Each structure stands twice: as C-alpha cells, then as structure tokens.
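The values are calculated or read from the model by the stated rules, or taken from the named source; none is laboratory data. No experiment lies behind these values; they were computed from the predicted model shown. Note that each Cβ is placed from the backbone with ideal geometry, even for glycine, and that neighbours are counted across all protein chains shown. Note: accessible area is taken over every heavy atom of the protein model, side chains too, but ligands, DNA and RNA are not part of it. Shrake-Rupley method; radii C 1.70, N 1.55, O 1.52, S 1.80 Å.
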Amino acid sequence: MSTSFDLHSGRIERMLRLPGGMVWNNMQRRVRRVQAEAIRRAPGGMKDRIRAQIRSGPTGDFQGIIKVEHPAAIYVLNGTRPHRIVPRTAKALRFTVGGQVVYATVVNHPGTKANNFLKEALRAAL
C-alpha cells in the first residue's frame, strides 16, 4: 500500500507569507494581545492612543508594531530627572494643590520614575 500527496508551493507560500494566512493570523492574535495588555497598564489618557499594526518587513517576514501616539509617552517610558519649570508666555504658573489654586514663578519638579509599561505588556502577554 502506498500513499501520495501533491505539494502545491503556491498554496504553502500563501498560507505562510500572505496576509490572512496562518502565520499572519497568529502574528495578529499575538500583537492584539500585547496591545490589550499595554492599554491595561498605560497611565491616564495614554490608553486611548495605543495602536497596533502588522506589516511585512524588508525580508518578507512579518513585524508586529505597537505605537503610543501620545506626546508625553517618552517621558513616561523613560522617566525624567529633577528639573525646574518656569513659565514661557505667562508671568506665573497656575496649578491646583489639595483643592486650592496656587501661583508660582518657578517650580522645582522632583522628576518621575520610569514606567515602561510597553516592555511589561510584552512580557505579560507572551
């Protein structure tokens, strides 16, 4: 008794390398899982600015990309050193402390600790 099968290279290529194929669908599922975890871990308004994308790389492989399109994202991910804040266009800075409005000409900001929620999301989602 013998068994034979036909190998269709075009179908295999489609299954492995084209959008909608098995590899593409697997990549999409994983990227969406990392995106959902990043949204869960992101602070404040950054949750609404996290985007996921899959594209073909230069060698034909797939790349999953998670972007945070928020102007303060770099400061949250890397943290900041202590620094001075001075008004640029006004004479004083205005902010609220404990429910009271406060004015100051200079503020010494203590800096912020890094919150690399993207790396944590990637580790948690794998």
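Since Arg33 meets every condition but one in (1) free of Cβ contacts under 8 Å to residues at least 12 places away in the same chain; (2) within 24 Å of Phe62 (Cβ to Cβ); (3) open to solvent by 60 Å² or more (accessible area, probe 1.4 Å), which condition does it not meet?
(1)
Here's a check for you: in segment 2-28, which residue that is surrounded by 11 or more Cβ atoms within 10 Å (Cβ to Cβ) and among the charged types (D, E, K, R) is nearest to Leu126 (Cα to Cα)?
Out of the qualifying residues, it is Arg17.
Any residue in segment 43-69 that is at positive phi sitting within a Cβ distance under 7 Å of a residue that is open to solvent by 50 Å² or more (accessible area, probe 1.4 Å)? List the pairs, counting only those 6 or more apart or interchain.
Hits for this filter: Gly60/Arg17.
Which condition does Gln63 not pass, out of (1) modelled with pLDDT under 95; (2) more than 29 Å from the chain's Cα centre (by Cα); (3) open to solvent by less than 100 Å² (accessible area, probe 1.4 Å), if it passes all the others?
(2)
For (1) assigned to a strand (DSSP E or B); (2) of a type outside the set (A, V, I, L, M, F, W, C); (3) open to solvent by 60 Å² or more (accessible area, probe 1.4 Å), each residue gets a yes or a no:
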site	(1), (2), (3)
Pro87	no, yes, no
Thr96	yes, yes, yes
Tyr103	yes, yes, yes
Asn108	yes, yes, yes
Leu118	no, no, no
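Go through the residues of segment 74-81 one by one and say whether even a single one is modelled with pLDDT of 95 or more, within 26 Å of Ala104 (Cα to Cα), open to solvent by less than 100 Å² (accessible area, probe 1.4 Å) and in contact with a helix residue (DSSP H, G or I) (Cβ under 8 Å, 6 or more places away or on another chain).
So far as segment 74-81 goes, yes, one or more of its residues are modelled with pLDDT of 95 or more, within 26 Å of Ala104 (Cα to Cα), open to solvent by less than 100 Å² (accessible area, probe 1.4 Å) and in contact with a helix residue (DSSP H, G or I) (Cβ under 8 Å, 6 or more places away or on another chain).
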